[in-house]
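What follows is a set of notes on a single structure, which appears directly below.
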Amino acid sequence: MNMHIALYPLIAVILFASNAVIPQFGLVAAVFSPLVLLLYFAHQERDRRYDTMLVVLVAGLAVFNHVLAAFFIISPVFSAVFIRYCLRKKIYTSWLPATGAALLSFAVTFVIIYGFASYREGLVEFASNGLKTFMDAAKEANAPMTQSPYFTQIDENRNQAALSIVLVFPAFNYMYTVFAAFIALRLFSKIKNIPHENFRLPDNLVWALIASLALVFTSSLFLRFTGINFAMILMTLYAFQGFDIILFWMNRFKVLPIIKAIIFIFIFSEPPIILIISLVGLFSVWFNFYGRPKDEEQERSE
């Protein structure tokens, strides 16, 4: 048995399972689980023995935590399978592999939270208790945030805040999963020397964003949060589009890798900047932010 191949499923499970053991590390480590699985599924020597091993590992994870095992299947496993399928069939490879990879996990969480009241109430109670623990700890430490009027408002309306957190969880789940899929796709393409395409959503998808924003202003609580969920998802996808534009100009001006790294660290440490990048991606639907191709520029100069 080739141990090199056998390690792929094991590493993928360990990376994802670290969410339950060391959450601070797991949130970062689990991002690379789809990439490991993608490399495994594309391995030339993969056969049924290794697939059986993966099934056994998932079953073992289910014994430890059945919810974690279920998310492993609908998130990194589905993401890797979907990305591989799209790449092999060459289906809208600029946007569909990453975008569609997170749809299953979003659909499952959305249906469970919005369709099953008892499960939703349990999650609200869990979130409320978590908020109480966090806020009590902040008060004991006399943290500066306790002086904020927002802190007081959340403390006085903790159940309502917990409900809001639960109702937007499908969007946050999608955002995390699609980010992992996006990273997996880019790194896999680089490792396998697959031609890179700039991320570009269909232009008419902007109407879906407009519709989701319209839902935010309806009177129904569930419709409002449905609109919020889809707006957050679409703005995340437009952020990918904006990142590619920024990366294009960095490469155009031959920015050093270390400078690129510093810029991206700064971007991810400042959420408002990510929103600006989302708007860059959104407005690229109407404006060309890539400039003229080099060949065209040379012809005009001649």
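Of the residues 258, 210, which is over 28 Å from residue 113 (Cα atoms), aliphatic (A, V, I, L, M) and over 18 Å from the mean Cα position of the chain (by Cα)? Sole residue among the options that is over 28 Å from residue 113 (Cα atoms), aliphatic (A, V, I, L, M) and over 18 Å from the mean Cα position of the chain (by Cα): 258.
Applying the condition of being part of a helix (DSSP H, G or I) and either in contact with a Ser or Thr (Cβ under 8 Å, 6 or more places away or on another chain) or modelled with pLDDT under 85 (or both) to segment 136-148 and asking which residue is nearest to residue 123 (Cα to Cα) yields 138.
For residue 16, the conditions (1) under 22 Å from residue 99 (Cα atoms); (2) not in a helix (DSSP H, G or I) are fulfilled apart from (2).
Among the conditions (1) closer than 19 Å to residue 247 by Cα; (2) open to solvent by 80 Å² or more (accessible area, probe 1.4 Å), the only one that residue 144 does not satisfy is (1). Going by the structure shown, is residue 91 over 21 Å from residue 238 (Cα atoms) and either among the hydrophobic types (A, V, I, L, M, F, W, C) or touching a residue at least 60 places away in the same chain (Cβ under 8 Å) (or both)? No.
Restricting 264, 283 to those that are surrounded by fewer than 16 Cβ atoms within 10 Å (Cβ to Cβ), at pLDDT below 85 and not acidic (Asp, Glu) reduces the list to 264. The single residue among 79, 94, 105, 128 that is among the hydroxyl-bearing types (Ser, Thr, Tyr), surrounded by 13 or more Cβ atoms within 10 Å (Cβ to Cβ), in a helix (DSSP H, G or I) and at pLDDT below 95 turns out to be 128. Scan segment 54-70 and give yes if some residue there is closer than 19 Å to residue 178 by Cβ and either of a type in the set (Gly, Ala, Ser) or at pLDDT 95 or above (or both), otherwise no. There is at least one residue in segment 54-70 that is closer than 19 Å to residue 178 by Cβ and either of a type in the set (Gly, Ala, Ser) or at pLDDT 95 or above (or both). Close contacts from segment 217-229, counting a first residue that is touching a residue at least 24 places away in the same chain (Cβ under 8 Å) and a second that is in a loop (DSSP other than H, G, I, E, B) and open to solvent by 40 Å² or more (accessible area, probe 1.4 Å), with Cβ to Cβ under 8 Å and a gap of 6+ residues or different chains, come to 228/216. Residue pairs whose Cβ atoms lie under 7 Å apart, separated by 6 or more positions or on different chains, with the first residue in segment 174-196 and more than 22 Å from residue 228 (Cα to Cα) and open to solvent by 50 Å² or more (accessible area, probe 1.4 Å) and the second part of a helix (DSSP H, G or I) and of a type in the set (D, E, K, R), do not occur.
For every residue, the table says whether it meets (1) in a loop (DSSP other than H, G, I, E, B); (2) over 15 Å from the mean Cα position of the chain (by Cα).
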position: 159; (1), (2): no, yes
position: 166; (1), (2): no, yes
position: 174; (1), (2): no, no
position: 194; (1), (2): yes, yes
position: 223; (1), (2): no, yes
position: 233; (1), (2): no, no
position: 238; (1), (2): no, no
position: 246; (1), (2): no, yes
position: 251; (1), (2): no, yes
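Could you pull out the residue among 201, 209, 205, 234 that is in contact (Cβ under 8 Å) with a residue 60 or more places away in the chain, open to solvent by less than 60 Å² (accessible area, probe 1.4 Å) and under 19 Å from residue 177 (Cβ atoms)? Just a single option satisfies the conditions, and that option is 201.
Residue 135 falls short on exactly one of the conditions (1) surrounded by 17 or more Cβ atoms within 10 Å (Cβ to Cβ); (2) within 27 Å of the chain's Cα centre (by Cα), and that condition is (2).
So which residues in segment 110-124 are open to solvent by less than 40 Å² (accessible area, probe 1.4 Å) and farther than 13 Å from residue 165 by Cβ? Within segment 110-124, 114, 122 meet the criteria.
Being open to solvent by 30 Å² or more (accessible area, probe 1.4 Å), in contact with a Gly (Cβ under 7 Å, 6 or more places away or on another chain) and part of a helix (DSSP H, G or I) is a property that does not hold for residue 32. For segment 1-29, filtered to residues that are touching a residue at least 40 places away in the same chain (Cβ under 8 Å) and among the small types (Gly, Ala, Ser), the residue that is most open to solvent (accessible area, probe 1.4 Å) is 20.
The values are calculated or read from the model by the stated rules, or taken from the named source; none is laboratory data. Because the structure is predicted, anything quoted here is derived from the model rather than measured. With ideal geometry, Cβ positions are generated from the backbone for all residues, glycine too; neighbour counts draw on all protein chains shown. Just so you know, the surface numbers come from the protein's heavy atoms only, side chains and all, with ligands and any DNA or RNA stripped out. Shrake-Rupley method; radii C 1.70, N 1.55, O 1.52, S 1.80 Å.
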